[in-house]
Amino acid sequence: MDWSLVFGNAAAELISPTTAAYALAAIGLAVHFGYTGLLNFGQAAFMAIGAYGFAVSVLNFGLSFWQAIAVSMILSVLFALILGIPTLRLRSDYLAIVTIAAAEILRYVVSTTSLKDLTGGSSGLSGFATEFYAINPFPTGNYLFWPFDVTEKELWVRVFGWSIVALATILVLLMMRSPWGRVVKGIREDEDAVRSLGKNVYAYKMQSLILGGALGTLAGIVFVLPRAVQPGNYVTGLTFFIWTIMLLGGAATVFGPIVGSMIFWVLLSLTEGVLQGLVNMGVITFLSTDQIGPVRFILIGLGLMALVVFRPQGIFGNKKELQFNV
Amino acid sequence: MSNQISVGDASPGCQKVDPILVADNVSRQFGGLTAVDVAHVEIPRGKITALIGPNGAGKTTLFNLLTGFDKPTTGTWTFEGKNLAGVASYKVARLGMIRTFQLTKSLSMLSVIENMRLGAQKQAGERFLAALIRPLWRAAENRITEQAEELLKRFKLDAKRDDFAASLSGGQRKLLEMARALMAEPKLVMLDEPMAGVNPALTQSLLDHIKDLKSNGTTVLFVEHDMHMVRHISDWVIVMAEGRIVAEGPPAQVMKDQAVIDAYLGAHADIDLGTVSIKIAKDDN
Ligand SMILES: Nc1ncnc2c1ncn2[C@@H]1O[C@H](COP(=O)(O)OP(=O)(O)O)[C@@H](O)[C@H]1O
Ligand SMILES: [Mg+2]
């Protein structure tokens with residue numbers, strides 16, 4: 001059993017593009033829930049829009065890398081409008097219901113056989129990142145050091161993904177420190193009070209939904225750059241992982257989701273590696289290797305329960321500013 | 001008896017010399033219950049008007065209707081001549097008609113100063129894209145902060161400037177909500193039971209603030225149970241009972257009105273009204 005490999009793999013998750021993608025999606029969700037109080041249970045759909053919007057634009061319409069990103073963003077805004085127009089005037093739970101349903105509808109639509117030519121049906125899409133790797137500024141070679149050592153392609157997707165995370169962080173920090181941020185935080189606390197002060201609450205909620213959704217869409221693009229698009233990735237479970245990450249780090253924080261994503265992926269990798277090792281060594285006999293996957297999610301779930309009990313504001317949250325007071 | 005506020009004698013629904021708010025046939029039904037049924041009412045500009053009446057008389061519901069927080073079953077009303085029926089609550093506020101709530105709505109997880117800043121109007125930084133460009137709103141923010149600090153001092157909340165509103169006492173939250181409403185520099189401020197829960201040591205200064213508002217040209221309409229306060233600061237009193245306006249007039253006159261005494265001492269007398277009626281009796285001695 002090579003324990004250094006187990007720990008090396010876990011540490012490598014710190015900078016993986018998947019960690020970046022989940023962090024980005026969780027920052028978007030923090031805009032929705034942590035700052036504005038919107039219950040979006042369809043962040044997976046915004047990610048799917050990024051993945052499919054990007055891949056289909058490149059593969060079927062021959063658009064360039066940047067054009068494909070622009071198309072995804074436009075689709076993301078439209079999707080936010082479709083979700084928001086009927087629900088944002090109603091009580092907050094309506095958005096929750098509509099987002100969870102819309103995300104499932106979207107997943108069924110992209111995986112349907114009748115759209116196979118466009119979306120690849122249940123087998124998904126691949127080969128859309130050629131231009132992305134063609135514009136890689138890093139020459140062929142090996143980069144960084146153990147356990148983060150990567151090829152030039154791996155480096156490029158990491159640099160790209162984390163740059164977007166950095167830009168998103170700055171954007172959200174600036175927004176939340178501005179008077180606009182003050183209004184949305186006020187809406188989180190009591191929207192009637194904010195209305196009574198002359199603010200168009202509906203418009204602010206819509207803007208927040210669009211902003212956080214757009215970050216989810218970018219997350220979807222970062223997520224698929226190093227892999228294929230597969231409809232099975234965009235299940236409700238993905239949304240709940242993003243929620244877990246956001247709550248882990250602290251919902252009303254910007255750095256929280258980033259650290260939350262790192263912790264989430266490092267722990268998943270570590271628990272898998274350690275359990276695998278212990279099963280292989282015969283230390284654990286009551287688990288088979290294919291039970292390890294589900295068991296680590298049980299452990300993560302227990303961890304989250306402990307967090308709710310002992311640190312309800314998340315790791316970075318201010319105890320007073322936000323707890324699980326939905 | 002003549003006065004400078006109404007045209008002719010004071011009577012329920014009487015015409016005012018200079019009304020800022022005029023409502024006609026405003027009614028609101030909840031199922032079978034008629035909570036508000038006001039045939040006609042005018043609020044005099046630049047004066048302090050008290051809206052009194054027993055619990056359940058429909059005062060809060062009338063506030064909600066006039067400010068767009070609830071939809072009336074029937075009715076129209078105008079503010080400074082502008083029709084307000086069907087206008088969204090935030091637009092009502094922008095026109096200069098700002099209300100507070102009987103159940104305080106301080107934004108608990110914002111600091112006191114942020115609560116105050118939120119009350120300001122015309123902050124360009126509240127717009128989505130402008131928010132990113134600090135130079136567009138920094139000057140306004142400084143001006144707003146100065147204004148907020150001054151108000152906090154007047155309301156004796158300046159020591160709490162950077163605390164979360166959640167840490168304030170019930171009375172302090174009432175004060176904060178009122179101060180926040182004033183940040184908008186309203187033409188008409190509607191206060192729903194501003195004194196409830198406020199430390200008695202502060203009520204006198206609160207009364208002075210309300211009088212200051214009047215001297216600055218702001219019209220005040222407030223709901224209050226404390227007859228002493230009503231008598232002390234209001235220029236005009238409107239009495240509601242069971243959704244209707246049953247009496248109107250200058251405070252001294254209204255307190256003697258048989259309809260008012262009936263409204264308070266009638267079938268609706270409860271614990272809350274008990275204290276009120278005792279006060280009326282005391283004042284009359
Ligand atoms: N949302 C509502 N649904 C049903 N009944 C209501 C509602 N709001 C107020 N009422 C009823 O309308 C009447 C007037 O209430 P309210 O305006 O709060 O009186 P006040 O402020 O004068 O004490 C009361 O009988 C109250 O129970
Ligand atoms: Mg009331």
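Every read-out reported here was derived from the displayed coordinates using simple, explicitly stated rules and does not represent laboratory data. These numbers come from a predicted model, not from an experiment. So basically every Cβ, Gly included, is an ideal-geometry build from the backbone, and we count neighbours across all protein chains shown.
If R0 is 51 Å, what FRET efficiency do you get for B:HIS228 and B:ARG134 from their C-beta distance, rounded to 0.05?
Working: r = 49 Å, r/R0 = 0.96.
Computed FRET efficiency for B:HIS228 and B:ARG134 comes out at 0.55.
Please report the net charge: other residues with Cβ closer than 13 Å to the Cβ of B:ASP235, K and R +1, D and E -1.
+4
Pick from B:LYS256, B:LYS71, B:LYS16: which is most flexible by mean-square fluctuation in a GNM of chain B where alpha carbon atoms under 10 Å apart are linked?
Its mean-square fluctuation being the largest, the pick is B:LYS256.
Using a 10 Å cut-off around each Cβ of peptide A:206-218, what is the average number of partner chain Cβ atoms that fall inside?
Across the residues of A:206-218, the mean count of other-chain Cβ atoms within 10 Å is 1.
Give me a comma-separated list of calculated 3J(HN,Hα) values for segment A:139-156, in order, Karplus coefficients 6.51, -1.76, 1.60 applied at θ = phi - 60°, integers in Hz, x for any Gly or Pro.
x, 3, x, 10, 10, 6, 9, 4, x, 9, 4, 9, 7, 5, 5, 4, 5, 4
Please tell me the relative contact order of chain A in percent, rounded to the nearest whole number, where contacts are Cα pairs under 8 Å and at least six residues apart.
For chain A, the relative contact order is 33 percent.
Take the alpha carbon atoms of segment A:20-67, find their center, do the same for segment B:21-94, and report the distance between the two centers in whole angstrom.
Computed from Cα coordinates, the inter-centre distance equals 45 Å.
In what order do A:TYR94, A:TYR234 fall by count of nearby beta-carbon atoms within 10 Å, going from fewest to most?
Fewest-to-most Cβ neighbours within 10 Å comes out as A:TYR94, A:TYR234.
Under 5 Å between amide H atoms, partner at least 5 residues away or on a different chain: which partners does B:VAL26 have, H built in plane at 1.01 Å?
Excluding prolines and chain starts, which carry no amide H, the hits are B:VAL38, B:THR76.
Given a Förster distance of 22 Å, report the FRET efficiency between B:LYS153 and B:GLN204 from their Cβ-Cβ distance, rounded to the nearest 0.05.
E(calc), rounded to 0.05, equals 0.85.
How much mean residue ellipticity at 222 nm does chain A get from its helices, if each DSSP H run of length 4 or more adds -39500 (n - 2.57) and you divide by all residues, to the nearest 500 deg cm²/dmol?
For chain A, the value works out to -22000 deg cm²/dmol.
Calculate the FRET efficiency for B:HIS40 and A:THR112 from the Cβ-Cβ distance with a Förster distance of 60 Å, rounded to the nearest 0.05.
0.45
Relative contact order for segment B:110-167: what is it in percent, counting Cα pairs under 8 Å that are at least 6 residues apart?
Details: 45 pairs, mean separation 28.3, N = 58.
Value for segment B:110-167: 49 percent.
Each residue of segment A:64-71 in turn: what ³J(HN,Hα) in whole Hz from Karplus with 6.51, -1.76, 1.60 and θ = phi - 60°, glycine and Pro shown as x?
Ordered by residue, 3J(HN,Hα) equals 6, 3, 5, 4, 5, 5, 4, 4 Hz.
Based on other C-beta atoms within 10 Å, arrange B:GLU126, A:GLU189 from fewest to most.
By the 10 Å Cβ count, ascending: A:GLU189, B:GLU126.
I'd like the mean, over residues of A:106-114, of how many other protein chain beta carbons sit within 10 Å of each residue's own Cβ. Mind dumping the intermediate values first?
Working: counts 0, 0, 0, 0, 0, 0, 0, 0, 0.
Per-residue shielding by partner chains comes out at 0.
Sum up the charges of everything whose Cβ sits under 11 Å from the Cβ of B:ARG28, counting Lys and Arg as +1 and Asp and Glu as -1, but leave B:ARG28 out. Write out the running numbers ahead of the final one.
Values: positive: B:LYS71; negative: B:ASP37, B:ASP70.
Combined, the nearby Lys, Arg, Asp and Glu give -1.
Can you check what the net charge comes to around A:LEU125, using other residues whose Cβ is under 13 Å from the Cβ of A:LEU125 (Lys, Arg +1; Asp, Glu -1)?
Result for the local shell: +1.
Could you check which residue among A:SER196, A:SER269, A:SER122 shows the biggest mean-square fluctuation in a GNM of chain A with a 10 Å Cα cutoff?
For chain A, modelled as a Gaussian network with Cα springs under 10 Å, the answer is A:SER196.
List the lysines whose alpha-carbon lies under 28 Å from that of B:LYS160, not counting same-chain residues fewer than 8 positions away?
A:LYS185, A:LYS199, A:LYS319, A:LYS320, B:LYS105, B:LYS122, B:LYS174, B:LYS187, B:LYS211, B:LYS214
Taking chain A as a Gaussian network, Cα atoms linked when under 10 Å apart, which of A:LEU63, A:LEU39, A:LEU287 shows the biggest mean-square fluctuation?
Highest fluctuation among the options: A:LEU287.
Near the amide H of B:TRP236, under 5 Å away, which other amide H atoms are found, from residues 5 or more places off or on another chain, if H is placed in the peptide plane?
Distant-sequence amide H within range of B:TRP236: B:ILE48, B:ALA50.
Give me the inter-chain shielding for B:179-189: mean count of other chain Cβ atoms within 10 Å, whole number please.
Going residue by residue through B:179-189 and averaging, the value is 1.
Using each residue's phi in segment A:303-310, evaluate 6.51 cos²θ - 1.76 cosθ + 1.60 at θ = phi - 60° and report the 3J(HN,Hα) Karplus result to the nearest Hz, with x for Gly and Pro.
x, 5, 4, 4, 4, 4, 6, 9
Need the full-extension length gain, A:ASN60 to A:LEU144, defined as separation in residues times 0.36 nm minus the C-alpha distance. One decimal, nm.
Answer, rounded to one decimal: 26.6 nm.
Relative contact order, percent, of segment A:1-139 when contacts are C-alpha pairs under 8 Å separated by at least 6 residues?
23
What is the spin-label model distance, in nm, from A:MET281 to A:ALA306 if the labels are put 7 Å beyond Cα along the C-beta direction?
2.0
A:ASP2 versus A:SER288, label points 7 Å from Cα toward the beta carbon: distance in nm?
2.7
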